[in-house]
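**Q** Just dropping this structure here.
Derivation of every value follows stated rules applied to the coordinates shown; laboratory data play no part. Keep in mind that what you see is a predicted model, and the values were worked out from it rather than measured. Backbone-built Cβ (ideal geometry, glycine too); neighbour counts: all protein chains shown.
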């Protein structure tokens, strides 16, 4: 039986199918010792040998799901950063995550909060795929007090450089002397979307914490703390979602 190469890589716990396509385009994947860059290529898992960065990969047997409170000033990537910034690989060593897992989606370098880690590429792909619109909730502190007129405009959305954006939900939690605390729910996965959105209204973000993805909540985790997620909780989130 033949399957697409990106799907095979996701079953090996390497990454999501989307990220697998990037690895293939970058020439980091070999099939039977031959570098491939063809997206959509199909392989026979029983006969073909697949290598990523020179390492033979095989489908995983035990699936793992973890929720992590990512602190600020860590890149949501594995390996080393060419500018010397800390990455998840550094964080894993610091806090004792010894499982071979990868992050589901992104969380900016300057942002913090909930990050799901797994070795299950199919689940990762369903969580981040835009067509499923899985909601993500954030607590956001922005500069200056937001007046009622501006807040009403925020609820209606605005155009950014990459198109129109409107939060699924936005609430004012508290107004401080020179800042405003908000709760914002979105389903978009566009890069730095909340920061760009708030800046468009003249309220740059001071602090951004992701508190929930689908039905998975940060709860009482503190920065650098983590715990396993029961598989049944993950199944509830992706139930009925087929790619």
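**Q** Sorted from fewest to most neighbouring beta carbons within 10 Å, what does the list 90, 48 look like? Mind showing how you got there, number by number?
**A** Working: 90 16, 48 13.
Ordered from fewest to most neighbouring Cβ atoms within 10 Å, 90, 48 come out as 48, 90.
**Q** Could you list 203, 129, 187 so that the one with the fewest beta carbons within 10 Å of its beta carbon is first and the one with the most is last?
**A** Numbers: 203 22, 129 17, 187 13.
The most exposed by this proxy come first: 187, 129, 203.
**Q** How big is Rg to Rh over the range 135-213, alpha-carbon atoms, Rh as the Kirkwood inverse-mean-distance radius? Spell out each step's value before the answer.
**A** Details: Rg = 11.4 Å, Rh = 12.4 Å.
Across the range 135-213, the Cα-based Rg/Rh ratio is 0.92.
**Q** Report Rg(Cα)/(2.2 N^0.38 Å) for the chain, keeping two decimals. Intermediate values should be presented prior to the final figure.
**A** Values: Rg = 19.6 Å, N = 243, 2.2 N^0.38 = 17.7 Å.
Dividing the Cα radius of gyration by 2.2 N^0.38 Å gives 1.10.
**Q** Find how many whole Å separate the alpha carbon centroid of the range 78-127 from the alpha carbon centroid of the range 1-41.
**A** Rounded to whole Å, the Cα centres lie 20 Å apart.
**Q** At a threshold of 8 angstrom on Cα-Cα distance, excluding pairs fewer than six apart, so keeping six or more, what relative contact order does the chain reach in percent?
**A** Values: 470 pairs, mean separation 51.5, N = 243.
Rounded, it is 21 percent for the chain.
**Q** Select from 46, 26, 141 the residue whose mean-square fluctuation is largest in a Gaussian network model of the chain (Cα-Cα springs shorter than 10 Å).
**A** 46
**Q** Once you sort the root eigenvalues of the Cα gyration tensor of the range 45-140 as a ≥ b ≥ c, which label holds: rounded (a/c under 1.5), prolate (a/b larger than b/c) or oblate (the other case)?
**A** Details: a/c = 1.99, a/b = 1.30, b/c = 1.52.
Cα axes put the range 45-140 in the oblate bin.
**Q** So for the range 100-243, averaging the separation of alpha carbon pairs under 8 Å that are six or more residues apart and normalising by length, what relative contact order in percent results? Don't jump to the answer; show the numbers that get you there.
**A** Details: 219 pairs, mean separation 44.2, N = 144.
That works out to 31 percent.
**Q** Over the range 3-57, how many percent of alpha carbon pairs lie in each 5 Å bin up to the one with the longest distance?
**A** 4, 23, 40, 28, 5, 0
**Q** When the chain is modelled as a GNM with alpha-carbon springs shorter than 10 Å, which of 41, 117, 221 fluctuates the most?
**A** In the Gaussian network model the winner is 41.
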